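S.K.: Quick one: the structure is below, and I'll ask about it shortly.
The values are calculated or read from the model by the stated rules, or taken from the named source; none is laboratory data. Source: prediction; values computed, not measured. Counting neighbours? That spans all protein chains shown, and the Cβs are built from the backbone with ideal geometry, glycine included. Accessible surface areas use protein heavy atoms only, side chains included; no ligands, DNA or RNA. Shrake-Rupley method; radii C 1.70, N 1.55, O 1.52, S 1.80 Å.
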Amino acid sequence: MRLEPVRTLTVEGIPLHLYRWTDEEALAEIRAAILAREAEILRLPRSVEWSVRHDRVASSRYASYNLLALPDPPFQALGRAIRASIDALRAARGLPEKQMYIQCWSNILRAGEGLPRHAHPYPLHGHLNVSTSGSVTRYGAGDPVEIDNRPGDITVFAKPGLAHDVPAYTGPDARISIAFDLLPVAFVDADPRWRKRHAERSFIPF
């Protein structure tokens, strides 16, 4: 699978690479599969980092399941698109290929809902816009950079700690994106702290 490069920009010294997945049919199938799974996902345990006021936000279950471990065919296509974005990032940054674990989850927002400012501690992180028209993601803590969330765009970066958030969504339909973190197998093998984090979340080999 090949993705179209869109652009690269740097926020707080971290290059963000944007790629475009142009398969509209696959994106529509992923959207339908996520919405079909939403009620099931919301019955899973809420992650401790999320408060009870986010109980109806699917993002709060990110550690309790992995989209790429589900049997739905659209999620197999999703895995191939994520793999293509990571391969493109590695080629662009000259990064060696490593054995990795991945966690992957859906973000479903409706009118008035957003994602609070947060950062990921993992060395590789990204997200795919599924049905996100009319929304932005803001990157950076001081003077944040806004990126339009165009459906099919995949944003990936290879450094932890970049703060980002999604302002309250105002669209009429569900805003859906997919986020993923990658953790090197070597980190888990060598460090008890990473081993604990791996055990507490739904990572699978990637």
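S.K.: Using the Cα centre as the reference, give the magnitude of the dipole from point charges on the C-beta atoms of the chain (Lys, Arg: +1; Asp, Glu: -1; all else neutral), rounded to the nearest 20 debye.
M.R.: Dipole of the chain, to the nearest 20 debye: 480 debye.
S.K.: With each run of n ≥ 4 DSSP H residues scored as -39500 (n - 2.57), what mean residue ellipticity at 222 nm is computed for the chain after dividing by its residue count and rounding to the nearest 500 deg cm²/dmol?
M.R.: Helix-only estimate at 222 nm: -8500 deg cm²/dmol.
S.K.: If you don't mind, there's one more thing I want to ask. For residue 159, what accessible surface area do you get with a 1.4 Å probe? Give it in Å², rounded to 10.
M.R.: Residue 159 has an accessible surface of roughly 110 Å² with all protein chains in place.
S.K.: Residue farthest toward the positive end of the dipole of segment 1-109, with Cβ of Lys/Arg at +1 and Asp/Glu at -1: which of 10, 66, 107?
M.R.: Farthest along the dipole direction, towards plus: 10.
S.K.: Would you report the distance distribution of C-alpha pairs in segment 12-57 as whole percents per 5 angstrom bin, up to the bin with the largest distance?
M.R.: 4, 16, 14, 12, 12, 17, 19, 4
S.K.: One quarter of the convex hull surface, Cα atoms only: what value does that give for segment 30-93 in nm²?
M.R.: Details: hull surface 21.7 nm².
Answer in nm², one decimal: 5.4.
S.K.: Here's a follow-up. So with the 1.4 Å probe, I'd like the accessible area per residue for segment 3-90, rounded to whole Å².
M.R.: Each residue of segment 3-90 exposes 49 Å² on average to a 1.4 Å probe.
S.K.: Moving to a separate point now. Report the normalised scattering of the chain as log10 I(q)/I(0) at q = 0.19 Å⁻¹, calculated by the Debye formula with identical scatterers on the alpha carbons.
M.R.: Here the Debye-derived log intensity ratios amount to -1.68.
S.K.: While we're on this one: Calculate the dipole size of segment 52-119 relative to its Cα centre from +1 charges on Lys and Arg beta carbons and -1 charges on Asp and Glu beta carbons; express the result in debye to the nearest 20. Walk me through the numbers on the way to the answer.
M.R.: On the way: 10 positive and 5 negative charges, 36 e Å.
I would put it at about 180 debye.
S.K.: So, one more: Could you grab the Rg to Rh ratio for segment 99-205? Cα atoms only, Kirkwood for Rh. If you can, show how the numbers build up before the last one.
M.R.: On the way: Rg = 14.8 Å, Rh = 14.7 Å.
With Rg and the Kirkwood Rh in hand, the quotient comes to 1.01.
S.K.: Still on this model: So what's the net charge close to residue 163: Lys and Arg +1, Asp and Glu -1, counting the other residues with Cβ under 11 Å from its Cβ?
M.R.: That sum, taken over residues with Cβ under 11 Å, equals 0.
S.K.: Taking Cα pairs under 8 Å and at least six residues apart, what relative contact order does segment 28-67 come out at, in percent?
M.R.: Values: 25 pairs, mean separation 15.5, N = 40.
This gives 39 percent for segment 28-67.
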